[in-house]
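Quick notes on the structure that follows.
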Amino acid sequence: MLIYAHRGASSDFKEGSKAAYIGAISQGADGFECDVRLTKDKQIICYHDSDTSRLSNIDLKISKSSYKELKEKVDPYLLEELLELAISNKKDLVIELKHPVSTGALIEKLVHKLLLSRKSEIKSSGIQISLISFSYFATLRNLKSGYQTGYLVKNSNLIRFNPAPVIALSIEILRQNPGVVAEQHKRGKKVFIWTVNEAADLDLCSKVSVDAVITDKPEQARKLLGYS
């Protein structure tokens, strides 16, 4: 079972920051998970929220702010920088494309373009790139990228609509129905579970053979699972 750092080692560092991803390396994560949004000038940054108010004392809308302004005030990490870190350290990268957004499908287009520009390096590094989204239509667009694609689900009723080879389920769904993993494996699907921070949940994921867990605490996950 792979261990992916949720917005980096976000239990110990500011989520989505360079420090959080470097921390995830030192904590032994197999890969990184990030959320991506577009700035006003169409730069791809790693940022979960649509504004900066939760993570800082400044309130800026990501889509209405330039990268320069955001860099000066909250210092977001560019996806291109995270991709370079992943390639250099041979860490898988799970990219969640946020929706709904005013720019629609542009986020997929620009992420795919970036990945294409680094295609040979990604291939040489041997890392796995996964593109995931809660949006069904974004998932369909991501299927055209050539990279592993997953559908994010927090309502079990939506599982049957998954068009992708990966289903990314909330831990609540797994707690309610542990058999869902075997069901999905029979259909040839990989199963990622988020966000897995508790010992009992990690044990459950391991017992039902989840393919990857996304956690705020990669070091703790490795220790609890008995990984070296």
Which Cys residues of the chain have no other Cys Cβ less than 4.7 Å away and so no disulfide-compatible partner by this rule? Cys205
Could you tell me the relative contact order of the stretch 111-212? Use alpha-carbon pairs under 8 Å, at least six residues apart, and round to a whole percent. 18 percent
With only alpha-carbon pairs counted, each pair once and no self-pairs, how large is the Kirkwood hydrodynamic radius of the stretch 144-228 in angstroms? 13.2 Å
Over 27 Å, how big is the tail of the calculated P(r) for the chain, in percent of all Cα pairs? 30 percent
Potential extension, Leu106-Ser156 segment - 0.36 nm per residue separation minus Cα distance: 15.2 nm
Grab the Cα-Cα distance for Lys42 and Asp203, subtract it from 0.36 nm times how many residues apart they are, and report the gain in nm with one decimal. 53.8 nm
Taking 209-216, 74-81 and ranking on average Cβ neighbours within 10 Å, highest first, one gets 209-216, 74-81
What do you get for Rg/Rh of the stretch 69-144 when both radii come from the Cα atoms and Rh is the Kirkwood radius? 0.99
Pairs of alpha-carbon atoms within less than 8 angstrom and 6+ residues apart define the contacts here; what relative contact order does the chain have, in percent? 20 percent
Rounded to a whole %, the carbon-and-sulfur portion of the accessible area of the stretch 16-56 at a 1.4 Å probe is 50 percent
If you restrict to DSSP beta bridges whose two residues both lie in the chain, what percentage is antiparallel, to the nearest 5? 15 percent
Below 8 Å, C-alpha to C-alpha, sequence gap of six or more: please give me the relative contact order for the stretch 10-93 in percent. 31 percent
Can you list, largest first and rounded to whole Å, the semi-axes you get for the stretch 1-96 by taking the square root of 5 times each eigenvalue of its Cα gyration tensor? 23, 13, 10
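The values are calculated or read from the model by the stated rules, or taken from the named source; none is laboratory data. Computed from a prediction, not measured in an experiment: that's the story for all the values here. Quick reminder, even Gly has a Cβ in these numbers, built from the backbone with ideal geometry, and neighbours come from all protein chains shown. Each accessible area value is taken on the protein alone, full model and side chains, heavy atoms only, with ligands, DNA and RNA left out. Shrake-Rupley method; radii C 1.70, N 1.55, O 1.52, S 1.80 Å.
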